[in-house]
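Reading through the C-alpha cells given below for one structure.
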Amino acid sequence: MSILRQIAQLGQPVLRQVAGKIADPADPAVQALIDDLLATVAEADGVGIAAPQVFVPLSLFIVASRPNPRYPHAPQMEPTAMINPELLWASDEMEKGWEGCLSIPGLRGLVPRHRRIGVRYLTRRGEVREEEYADFLARVFQHEFDHVRGIVFIDRVESTRELMTEKEYLRSQKSHA
Ligand SMILES: [Zn+2]
C-alpha cells in the first residue's frame, strides 16, 4: 500500500543536501519509499521525482516519463526506480530545453543538459543496470541526478530571462503545437 508523500518546496534545506548512498535496496523502508515515490510522481503529473523531494536524503529517484498535462510531449516509459545512480559519461553536445520541478511549482526554465549520457544504477531488486539515454530521458535523468546532489534546475539556467511561469510556458507550447 503506497501513500502520497508531501513534496519539499524550494527553501527546504533537504533540497540542498548531498544525499547518502543506500546500503541495502531490499530494506523494507527503501521498498516502501519507492512505492510512495511512484504514487506521488504519478499523482503530481511529474516525469521524475527524487527521494530528497519527499524529505528523505537518500540517493534514489524515479524516472517516469509519460505524456501528461505538465509534459504533453514526454515519451512513454515504464516508471523506473534508480538507486545510487552514477553518471558514467556525457556527450560534449549540450542542448537547452524547458524544465520544471515539483519542488518549484509554477516556474519553468531553459536548462542546458548533455544530449546523451551513460548511467549506472541499482534496480529496486538490487541488480546493477547500465543504460544510455538521449534527449528528454537524458534530461530527466540529469535533473533527478542533480537533486541527489543538492542542485535544482534554476541553478543551471544561464539567465533569469530564460525563466517563465508555467502558465505562460504551457500557453506558448499550445500555440506552437
Ligand atoms: Zn525537480
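The numbers here are math on the coordinates, done by the rules we state, and not lab data. Everything quoted here is computed from the prediction, not taken from an experiment. When we count neighbours, we look across all protein chains shown, and the Cβ atoms used for this are built from the backbone with ideal geometry, even at glycine.
General observations
- J(HN,Hα) series, the range 76-86, from Karplus relation 6.51 cos²θ - 1.76 cosθ + 1.60, nearest Hz, glycine and proline x: 8, 8, 5, x, 10, 8, 10, 9, 6, x, 10
- Burial ranking of peptide ranges 14-20, 148-154, 138-144 (average Cβ count within 10 Å, highest at the top): 138-144, 148-154, 14-20
- In a DSSP loop and with at most 15 other Cβ atoms within 10 Å, the GluC sites (Glu not before Pro) in the range 1-96 are GLU93.
- Taking the fewest neighbouring Cβ atoms within 10 Å as the starting point, the ordered list for VAL119, VAL157, VAL47 is VAL157, VAL119, VAL47.
- Adding -39500 (n - 2.57) for every DSSP H run of four residues or longer, then dividing by how many residues the chain holds, sets the calculated 222 nm ellipticity at -7000 deg cm²/dmol.
- Projected label points at ILE3 and GLU95, each 7 Å from Cα along the beta carbon direction, are separated by 4.0 nanometres.
- Of all DSSP-defined beta bridges confined to the chain, some 95% are antiparallel rather than parallel.
- Calculated P(r) tail over 23 Å for the chain, as whole % of Cα pairs: 36
- About its Cα centre, the chain has a charge dipole of approximately 400 debye under the convention of +1 per Lys or Arg Cβ and -1 per Asp or Glu Cβ, with nothing else charged.
- Estimated at 0.36 nm per residue, the fully extended path between ALA29 and GLU78 surpasses their Cα-Cα distance by 15.4 nm.
- Normalised radius of gyration (Cα atoms, divided by 2.2 N^0.38 Å) for the range 111-177: 1.40.
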